[in-house]
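Below: the structure, in structure tokens.
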Amino acid sequence: MEFAQLERMSLMITMDDIVREGHETLRQRTENVTLPPSDEDQYTLKEMLQFIKNSQDEELAEQYDLRPGVGLAAPQIGLSKRMMAVHFTDANGREYSNGYYNPRIVSHSVEQAYLPGGEGCLSVDRDVPGIVPRHARITVKATTLDGEDVKIRLKGYAACVFQHEIDHLNGVMFYDHINQDDPMTPPEGAVSVD
Ligand SMILES: O=CN(O)CCNC(=O)c1cccc(Cl)c1Cl
Ligand code: NI
């Protein structure tokens, strides 16, 4: 195996690098990343995106015992920085695959939405059933892995994923949003996302 591949293998993110509930970075507000990003931050964000892709590759996931995910936030690898990566295709076949520095929700709908199956988290080693109310539509500003300042309008599944990741950057876990008294009942007027 050539050196580059060996080097990648030794530095790839695996489940051993994912911190679990109780680790303090999951409950910290993260610091903005100084832009332009350092080589180290760029390398880390690339590795985060690669991990998400690997986690969705049947062979790699089995080989390295990866739990599948559609996003990852830096606090989940013990790094209290405003960085996140996503890799998924939404119900309309739109692909999202990128890393983001300093993502922030600049506007959102009053209307709420939720994934009928609830949400899961690589930092949570248990099932937490319940409706996770999210903003149905959000506008996010961020700087991409390639250094491009973007303004993204999101709805449906994509809006839920981005909110799950941005929550991590604010020390919020998905189950913080579940109504403990009535976890399976969606809020009034909230729409189900297919
Ligand atoms: O922070 C990221 N993770 O914990 C990765 C694992 N969770 C998921 O992929 C996931 C699963 C269901 C709903 C949403 Cl919204 C997400 Cl994000
Ligand atoms: Ni998560």
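The values are calculated or read from the model by the stated rules, or taken from the named source; none is laboratory data. What you see is a predicted model; the values in this text were computed from it and never measured. FYI the Cβ positions are ideal-geometry reconstructions off the backbone, even for glycines, and counts take in every protein chain you see.
Of everything in region 171-194 that's hydrophobic (A, V, I, L, M, F, W, C) and outside any loop (DSSP other than H, G, I, E, B), which residue is farthest from ligand 1 (Cβ to nearest atom)? Before the answer, list the steps.
At the first step, the residues of region 171-194 found to be hydrophobic (A, V, I, L, M, F, W, C) are 172-174, 178, 184, 190-191, 193.
Narrowing further to those that are outside any loop (DSSP other than H, G, I, E, B): 174, 191.
Numbers: Phe174: 7, Val191: 15 Å.
Among those residues, the one meeting the criterion is Val191.
Okay, residues lined up against (1) under 22 Å from Phe174 (Cβ atoms); (2) surrounded by 11 or more Cβ atoms within 10 Å (Cβ to Cβ):
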| site | (1), (2) |
| --- | --- |
| Phe3 | no, no |
| Ile18 | yes, yes |
| Gln28 | yes, yes |
| Pro37 | no, yes |
| Leu49 | yes, yes |
| Leu60 | no, yes |
| Tyr64 | no, yes |
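Kindly provide the set of residues from region 105-136 that are of a type in the set (Lys, Arg) and surrounded by fewer than 17 Cβ atoms within 10 Å (Cβ to Cβ), ordered by number.
Of the residues in region 105-136, the ones of a type in the set (Lys, Arg) are 126, 134.
Passing the criteria: only Arg126.
Scanning region 101-124 for residues that are part of a loop (DSSP other than H, G, I, E, B) and either near ligand 1 (Cβ under 7 Å from one of its atoms) or on the phi < 0 side of the Ramachandran plot (or both) yields a count of 12. For beta carbons closer than 6 Å, sequence separation of 6+ or different chains, a first residue in region 118-134 that is at pLDDT 95 or above and a second that is polar (S, T, N, Q) and within 13 Å of ligand 2 (Cβ to nearest atom), the qualifying pairs are Ser123/Gln76; Arg134/Gln163.
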